[in-house]
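Where a number appears in this text, it was derived from the coordinates with a stated rule and is not lab data. Quantities reported herein were computed from a predicted structural model and do not represent experimental measurements. Please note: Cβ atoms are built from the backbone with ideal geometry, for glycine as well, and neighbour counts cover all protein chains shown.
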Amino acid sequence: KLINDLIRREAEAAAKAAALAKNKAAAALSADFSKNKRQLPWPAEGFISLKFGRSRDPVLKMVERDSPGIEIQTEPGAIARSVFSGEVRAVALIQGFNKAVIIKHGNYFTVYAKLAEVYVKKGQQVKTGDKVGKVYTDDDGIAELHFELWETQEKGTVKLNPELWLQKK
């Protein structure tokens with residue numbers, strides 16, 4: 001819910017700014033981002049431990065979950081990296097997600113959450129592959145990056161399945 005609210009606020013602010021400025025650079029960045037579907041680098045090395053959308057809990061079979069993104073299980077100490085050039089729009093502490101970073105890529109937003117440390121700050125320009133932060137490792141030694149992808153459209157923001165945008169392994 002907090003990530004949704006942050007994205008919604010950022011999308012509303014971006015929509016107002018775009019309407020006033022008709023930013024050609026943002027339009028070009030959006031077009032470039034969209035051309036990279038199925039070609040974006042992974043934000044962290046590892047494997048998908050939780051898929052996007054509705055799924056059954058692997059332990060509690062009767063429980064369904066709805067994930068707005070994917071979880072990438074990685075090695076303790078792993079670094080999360082930007083999947084595309086853009087501007088850091090938010091750095092936040094979110095209950096259940098530790099530290100989170102939202103990066104704007106034209107009309108697209110990526111979310112990097114479950115971070116132990118953040119290496120970027122709001123307003124900073126990042127390039128593809130830049131370090132965003134260090135992935136949090138829990139008490140059981142499991143390190144998972146939560147990664148989301150959103151698009152701002154005329155009718156609002158839409159969650160996209162990140163798996164469809166990342167390079168095949």
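Summary table below
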| item | result |
| --- | --- |
| Inter-label distance for residue 35 and residue 131, nm, one decimal - labels placed 7 Å from Cα along Cα-to-Cβ | 3.1 nm |
| Residue with peak Gaussian network fluctuation, the chain [Cα springs, cutoff 10 Å], from 44, 13, 92 | 13 |
| The range 127-169: GluC sites (Glu not before Pro) in DSSP coil with no more than 16 other Cβ atoms inside 10 Å | 154 |
| Translational D in µm²/s for the chain (Stokes-Einstein at 4 °C, 1.567 mPa s, Kirkwood Rh from C-alpha pairs) | 80 µm²/s |
| Rounded to 10°, Cα long-axis angle of helix 24-35 versus longest principal axis of the chain | 40 degrees |
| Using alpha-carbon coordinates, inclination of helix 2-21 to the longest axis of the chain, degrees | 10 degrees |
| Per DSSP, loop trypsin sites (Lys or Arg not before Pro) in the range 85-158 with at most 14 further Cβ within 10 Å | 121, 122, 127, 155 |
| Among 55, 82, 30, residue whose mean-square fluctuation peaks in a GNM of the chain (springs only between Cα atoms under 10 Å) | 55 |
